[in-house]
Amino acid sequence: MATVHDHVRTAEHHSQAGEPWHARPAAEVLEALESGPSGLPEAATAERRARWGENRLPEPPRAGALLRLARQFHNVLIYVLIASGIITLLMGHLVDSGVILGVVVINAAIGFVQEGKAESALDGLRRMLSPAATVLRDGRRRSIAAEALVPGDVVILEPGDRVPADLRLLLARGLEVQEAVLTGESVPVPKAATPVPADAVLAERGSMAFSGTLVTRGHARGVVVATGGATEIGRIGHLIASAPRMTTPLLRRLASFGRTLTVAILVLAGLTFAFGTLVRDFAADAMFLAAVGLAVAAIPEGLPAIMTIGLAVGVQRMARRRAIIRRLPAVETLGSVTVICSDKTGTLTRNEMMVEGIATASALYEVSGAGYAPDGTITRGGAAPAEAERAGLADLARAGALCCDAALREGADGWSVEGDPMEGAILALAARLGVDMAQAQAAMPRLDVIPFDAEHRFMATLHRRPDGLGQVLVKGAPERLLELCDRQRDGLAELPLDLAWWHARQAAMAGTGQRLLAVAVRRLPPDRRQLAMEDLEEGLTLLGLLGLSDPPREEAMAAVQRCQDAGIRVKMITGDHPATALAIAGRLGLATGPGALTGRDLDLLDEAALARRAGEVDVFARTSPEHKLRLVHALQRAGQIVAMTGDGVNDAPALKSADVGIAMGRKGTEAAKEAAEMVLADDDFASIAAAVEEGRTVYNNLRKAIVFILPTNGGEALTIIGAILAGLPLPITAVQILWINMVTTVTLALALAFEPAERGIMRQRPRRPDAPLLSRFLGWRVVFVSLIMVAAVFGVFFGYERAGADMAVVRTASVNTLVLLEAVYLLNCRHLVQPVLTREGLLGNPLALGAIATVLLLQLLFTYAPPMQLMFGTAPLAAADWLVILLAALPLLFLVEIEKRVLRGRTAAAPAKA
């Protein structure tokens, strides 16, 4: 006989012969596992536990704290910043060096805290495993720790149990299991011990109960076929651990920008040193200090701090809009998103079943409302039904609700269901029709029940009517109840069953993605106290059909449209049935023309074909975690920036691999939250659209900060180069440059991080994923403003030098000119293209005005405070000097606005020219 070691090999649950467990008869499975209906002998479990280990998910190797800390410094811009700090330290300026290195430490601390959180997704998975299990050992029922389960154990399942391992069912009575965390299926799945086809997808393996899922109804026994890492949930844990964490577009652009900037600075400093020593015959030590000054001038020391603070501001803004950011760079990535791959259940839909349609023998009715709340309306063709019709509908809803085991509860978070969600929907319908369930249950007490079973596909209850007669209430699959009914109720009359009518209604309602339940009744003699299957084989009267669905959120429909207007493609990836997925997608406004691709379809596509089809199709159904992961990777290979939403364990690997993983905060699993960069506090897709808007705003503000900072560095560097080329003394010293870069520039640039979203930001196309951080236009703006700043500073410098002013006064005037140029240019940068010479442009951001006022106060200290004069070599200026400085700086405001106007004119003319 084959050993357990031969049989329990992988999460695919294959036997030695290659036949999966779900396809084999129960007796054959027990034989293969060397077990029996009464379970394992206690003596045999120790050897199996030693061979297979405990029933827990394996912990992956994790980086140590020192390695995680070292990673935070592995960035070109950080290298440049460290070099800048060392240079200032060698120059003897301890305060400046401390500020620069302090920025490095802050950035590293933030990264250190965030690093490694994705791996804790596996901790979330472990928390989903059941802490205890009921098993048969030596023929006796025992409760043991779930970790002690071994392959071959026979487990007993009851309602409310979390399945402790992957089980092949041996016996199932009315068993239903909620598998949404694994499959995305929105309602509990009926289970049976009957084998299913070998090629059945995960959601259709009715003979299996999977670890981490929840028993909602019925009773069962099953034999353990996989534990720990070999379970389906363990396989997903392996996918999470092996999925790479994607870097963000901003970090990729910053890395590229930093490398380019570093090379340019080193080359420029070297050429300047060579020119000064070889051509101008300056002393080597003097030229070395000048080259150091040039490097300090060209390095944007404050940029990493501005980046970090700008992202942090975005985090706070998003938190106010119910989107919690777990990884700082994800803020900017949201602004780059081109595709949102969304799970259906609980994200685009409410994850609350609702009766949306009712069919009676004479009419179709529409039901409105929200989830399980009792508020809602019932209409027929847009009009309220007549009183007699409403009474008939109430009888139908009352019958369906009495044939239920669920209960509705109102809590702090609204109405929720205890038990089957479909039964909760029927109870909510009864409440909307004015049925008092407490009164109904008292008037018609339940005497007996035949639980729902996958074999007969209905549930039946026996009640005593107020007149003493017995009343059978039946609800179940329409095709099954149509076989059992011979009459239908139309108002007060009972007529022969019109099968053609009901088949037409069934097809019409199913075509909208609704799940159908039929409700029927039969009267029995008053002495009946027990219900038998024979009572249901004839004499049933059909009351009507109930069409149930997990409806789309109204706010999600508006958010999908908003994303599409912003050029973002929304794709639905779900484990649900294709017909249901297409129906919901149509209501959401997604493109359903190409139909839906299923997991089986995806398995037939190679990577090239998948990339092509992934771009064409917006609805993917019956998908597994591997399918979701492949789709994310296919879209990324096509150059898309992908956001993935989800709430289940099955979503976690794709959440981790996406550019932005977005988990549901209220109904999401811990595994999904830990794998994601962002968590929605309200589980609302509309919050994603709001977060995208904030992400775009953050990116725009970061670009404004870069376009603001770089001309200052460019102006400083060109001033030093110009002075060396002309053989003049430096207009601004290296220590004065540090003051400008780390104090005044950062103070002013911070105001741009708080700029509100510009009008029309969600009507713009997403920026190209491969677009450089600085576009050609912005590069021109940096050069244009740098040249204006150089001209203004040299103008003041030459004017004061020719007037015979002391060099300290000359340099103080030059520094203040450059700072005032920055203050003026800050107003230009509030809008990169749109004009700012308006009331809103000049006064619309009080923080900008406050930053300018703060910098002016700092410059007064820089100019007149004796300690500052000693530290920076400054001298006091007269009142007339400030007028000269203002006249030198003010033209920049108007020149940039003229340049913007020319640009807008060319942009407006471009379509006509084309």
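The values are calculated or read from the model by the stated rules, or taken from the named source; none is laboratory data. On a predicted model such as this, the values are computed, not experimentally measured, just so you know. Reconstructed Cβ throughout: ideal geometry from the backbone, glycine too, with neighbour counts over all protein chains shown.
For the stretch 517-528, does any single residue satisfy the condition of being crowded, with 17+ Cβ neighbours inside 10 Å, over 15 Å from residue 400 (Cβ atoms), modelled with pLDDT under 90 and of a type in the set (Lys, Arg)?
Yes; the residues of the stretch 517-528 include at least one that is crowded, with 17+ Cβ neighbours inside 10 Å, over 15 Å from residue 400 (Cβ atoms), modelled with pLDDT under 90 and of a type in the set (Lys, Arg).
Restricting to the stretch 391-411, give me the number of residues that are assigned to a helix (DSSP H, G or I) and either in contact (Cβ under 8 Å) with a residue 60 or more places away in the chain or hydrophobic (A, V, I, L, M, F, W, C) (or both).
Here the count works out to 11.
Do you know which of the residues in the stretch 291-343 that are assigned to a loop (DSSP other than H, G, I, E, B) and among the aliphatic types (A, V, I, L, M) is modelled with the highest pLDDT?
337
Among the residues of the stretch 564-571, is there at least one that is over 21 Å from the mean Cα position of the chain (by Cα) and either of a type in the set (Val, Ile, Thr) or farther than 19 Å from residue 461 by Cβ (or both)?
So far as the stretch 564-571 goes, no, none of its residues is over 21 Å from the mean Cα position of the chain (by Cα) and either of a type in the set (Val, Ile, Thr) or farther than 19 Å from residue 461 by Cβ (or both).
Residues of the stretch 752-785 being in contact (Cβ under 8 Å) with a residue 40 or more places away in the chain and more than 29 Å from the chain's Cα centre (by Cα), which ones?
Of everything in the stretch 752-785, those that are in contact (Cβ under 8 Å) with a residue 40 or more places away in the chain and more than 29 Å from the chain's Cα centre (by Cα) turn out to be 777, 778, 781, 782, 783, 784, 785.
Only one of 472, 560, 521 is over 45 Å from the mean Cα position of the chain (by Cα), farther than 19 Å from residue 358 by Cβ and either of a type outside the set (Ser, Thr, Tyr) or assigned to a strand (DSSP E or B) (or both). Can you tell me which?
472
Is at least one residue of the stretch 530-550 within 49 Å of the chain's Cα centre (by Cα), part of a loop (DSSP other than H, G, I, E, B) and modelled with pLDDT under 90?
Looking for residues that are within 49 Å of the chain's Cα centre (by Cα), part of a loop (DSSP other than H, G, I, E, B) and modelled with pLDDT under 90, one finds at least one in the stretch 530-550, hence yes.
Which one of the conditions (1) of a type in the set (S, T, N, Q); (2) modelled with pLDDT under 95; (3) not in a helix (DSSP H, G or I) does residue 506 fail to meet, given that it meets all the rest?
Result: residue 506 fails condition (3) only.
This table checks each residue for (1) assigned by TED's automatic domain parsing to the domain that holds residue 510; (2) assigned to a helix (DSSP H, G or I); (3) within 42 Å of the chain's Cα centre (by Cα).
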| site | (1), (2), (3) |
| --- | --- |
| 434 | yes, no, yes |
| 442 | yes, yes, no |
| 454 | yes, no, yes |
| 460 | yes, no, no |
| 468 | yes, no, no |
| 479 | yes, yes, yes |
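Taking residue 686 as the residue in question, decide whether it is part of a helix (DSSP H, G or I) and not assigned by TED's automatic domain parsing to the domain that holds residue 811.
So residue 686 passes the test.
Tell me, which residue of the stretch 209-240 that is within 19 Å of residue 452 (Cβ to Cβ) and among the aliphatic types (A, V, I, L, M) is nearest to the chain's Cα centre (by Cα)?
214
Kindly indicate whether any position in the stretch 33-47 is buried (at least 16 other Cβ atoms within 10 Å of the Cβ), among the hydrophobic types (A, V, I, L, M, F, W, C) and modelled with pLDDT under 90.
yes
Can we say residue 355 is in a strand (DSSP E or B), surrounded by 24 or more Cβ atoms within 10 Å (Cβ to Cβ) and in contact (Cβ under 8 Å) with a residue 24 or more places away in the chain?
Here the answer is yes, as residue 355 does meet what is asked.
Name the helices (runs of 4 or more DSSP H) wholly inside the stretch 826-897 in which the number of residues that are in contact with a His (Cβ under 7 Å, 6 or more places away or on another chain) is 2 or more.
It comes to none.
In the same structural domain as residue 899 (by TED's automatic domain parsing) and on the phi > 0 side of the Ramachandran plot: does that describe residue 804?
yes
Yes/no matrix, rows are residues, columns are (1) modelled with pLDDT of 90 or more; (2) crowded, with 16+ Cβ neighbours inside 10 Å:
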site: 863; (1), (2): yes, yes
site: 881; (1), (2): yes, yes
site: 885; (1), (2): yes, yes
site: 891; (1), (2): yes, no
site: 900; (1), (2): yes, yes
site: 913; (1), (2): no, no
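All but one of (1) among the small types (Gly, Ala, Ser); (2) surrounded by 19 or more Cβ atoms within 10 Å (Cβ to Cβ); (3) part of a helix (DSSP H, G or I); (4) at pLDDT 80 or above hold for residue 218; state the number of the condition that does not hold.
(3)
Is it true that residue 661 is within 30 Å of residue 181 (Cα to Cα) and in a loop (DSSP other than H, G, I, E, B)?
no
Name the pairs: first residue in the stretch 308-324 and within 25 Å of residue 747 (Cβ to Cβ), second residue part of a helix (DSSP H, G or I) and at pLDDT below 75, Cβ to Cβ under 8 Å, at least 6 apart or on different chains?
Filtered contacts from the stretch 308-324: 308/106; 308/107; 308/110; 311/332; 314/332.
Which of the residues spanning the stretch 269-281 are surrounded by 18 or more Cβ atoms within 10 Å (Cβ to Cβ) and of a type in the set (A, V, I, L, M, F, W, C)?
Selection gives 269, 273.
Considering every residue within the stretch 802-824, establish whether at least one is in a loop (DSSP other than H, G, I, E, B), buried (at least 22 other Cβ atoms within 10 Å of the Cβ), touching a helix residue (DSSP H, G or I) at 6+ places or on another chain (Cβ under 7 Å) and modelled with pLDDT of 90 or more.
Within the stretch 802-824, none of the residues are in a loop (DSSP other than H, G, I, E, B), buried (at least 22 other Cβ atoms within 10 Å of the Cβ), touching a helix residue (DSSP H, G or I) at 6+ places or on another chain (Cβ under 7 Å) and modelled with pLDDT of 90 or more.
When the stretch 369-390 is examined, which residues are found to be without any contact (Cβ under 8 Å) to a residue 12 or more places away in the chain and in contact with a Ser or Thr (Cβ under 8 Å, 6 or more places away or on another chain)?
384
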